[in-house]
Amino acid sequence: MPGLLESCKKLFKTKDLYKVLSLPKNASPSEVKRGYHKLSLKVHPDRVHGDGKKTATEKFQVLGKIYCILSDKDKRAVYDETGEVDDEDDVLTQDKDWYDYWRILFHQVTPQDIKEFEEKYKGSDEELADLKDLYCEYEGDMGMIMDGVMCCTAEDEPRFIQIIKDLIKKKEITEYKGFTKSITKSKIAERKRKADEEADEAEEEAKKLGLGEEDEALKSLIHSNQQSRAKQMDSFFADLEAKYAEPEKKTKSKGKSKRK
């Protein structure tokens, strides 16, 4: 079984634990926790489907081990001085349930939190910045843009198209051929049909989970998960993490909880 640094190189293209979390070496304990929280949310296996789930699970486990090293003052000092980690350390060798470990560290985001974020995000400067970045990244491909913007639905597409046209007219962004090709009536109708199908699937999944009308925000998140929009949620969770990254109080039960 490869050691921690080898696993980092394989999964994150670097052996530097700080670079994996996108942190400077002098990051504070709270910054380390936020970095771990943000990236672990991005690769959480429950948000990945199909062939990518195995890799996501490996990444999630490695991130837990990285946090165990960098959150421990003595282990971090040894790593900072030598650039090495002790792969025989109990924290790296024990059969730890990293899901339970993660749940102990972080509170669960509620449907109300999601709803409040959506209301704050839609029409905001942040949404506009994301739209511009995605437009440039995907060279105008409206299908990819719609998959990338957080909290959006098919009803938002006409608004986005008009915003992009205005930005092109103001010469704030380049006019790509891919944009023109992707906003034909047939393309828009095709995306709308696909979105309706995904919404129906989300509704069915919500019924299985016993969600009611008051849980529309959570249904929306399920819908988003089914579309595998990993990138679009990063900013969402980063925005919430400052509020929900405080550790929960430990329960008195010593029994190992089972993953649901």
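Can you tell me which residue within the stretch 16-43, out of those that are of a type in the set (D, E, K, R) and in contact (Cβ under 8 Å) with a residue 24 or more places away in the chain, is nearest to residue 72 (Cα to Cα)?
33
Consider residue 77 carefully, then state whether it is in contact with a His (Cβ under 9 Å, 6 or more places away or on another chain) and aliphatic (A, V, I, L, M).
So residue 77 does not fit the description; no.
If I go through the stretch 19-41 residue by residue, how many of them are surrounded by fewer than 19 Cβ atoms within 10 Å (Cβ to Cβ) and either under 15 Å from the mean Cα position of the chain (by Cα) or among the aromatic types (Phe, Trp, Tyr) (or both)?
3
Looking only at the stretch 138-173, how many residues end up being of a type outside the set (D, E, K, R) and open to solvent by 60 Å² or more (accessible area, probe 1.4 Å)?
Of the residues in that region, 4 qualify.
Whether any residue in the stretch 44-66 is part of a loop (DSSP other than H, G, I, E, B) and at pLDDT 90 or above is what I want to check.
Checked the stretch 44-66: no residue is part of a loop (DSSP other than H, G, I, E, B) and at pLDDT 90 or above.
The values are calculated or read from the model by the stated rules, or taken from the named source; none is laboratory data. Model, not experiment: these values are computed from the prediction. Neighbour counts run over all protein chains shown; Cβ positions are idealised from the backbone, glycine included. These area figures cover heavy atoms from the full protein model, side chains too; ligands, DNA and RNA do not enter into them. Shrake-Rupley method; radii C 1.70, N 1.55, O 1.52, S 1.80 Å.
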